[in-house]
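Chemist: Shown below is the structure under consideration.
Computed from the coordinates by the stated procedures, all read-outs in this text should not be read as laboratory data. Keep in mind that what you see is a predicted model, and the values were worked out from it rather than measured.
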Amino acid sequence: MSSLESLHFLTERRPPTVMKILILLRKLERKGFEIIFSWEPGHVGILGNEQIDNAARSMSDPMQRPVCYQDLKTFTQNYIHRVWQETWDQQILNKLHNIHPSTSHWAALPVRKHDVR
């Protein structure tokens, strides 16, 4: 509905996409095409679709609660570690991969001599 309204009502600042649509619409009308826009409330009354619409709307709203720094840090660290492990798992011909196939618990020892096998 909002898309149709933005094409219909005159406003000082229209988005570039709306302007492109209006220009194309005028060109087609000059060539004899009759364009009719209509709004169809297709999801109204269908429970599953309404639930999906509500979920999509809630995701587009700004976050209602701030995210805890520690939660964000933990999520980011886990994501980076998972990507690192996936990349490391592809290094099967690497000699070091044979020695240490997991990226977890890979603590560096203070003396390099003890870290080399």
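Chemist: Find how much the distance from Ile23 to Cys68 grows on full extension, using 0.36 nm per residue of separation minus their present alpha carbon separation; answer in nm with one decimal. Mind dumping the intermediate values first?
Modeler: Values: separation 45, 0.36 × 45 = 16.20 nm, distance 4.70 nm.
Gain in length upon complete extension: 11.5 nm.
Chemist: Sticking with this structure for a sec: Please list, in order along segment 88-102, the HN-Hα scalar couplings obtained from phi with the Karplus expression 6.51 cos²θ - 1.76 cosθ + 1.60 (θ = phi - 60°), rounded to whole Hz, x for Gly and Pro.
Modeler: Here the 3J(HN,Hα) series is 5, 5, 7, 8, 5, 8, 7, 4, 5, 5, 5, 6, 9, x, 10 Hz.
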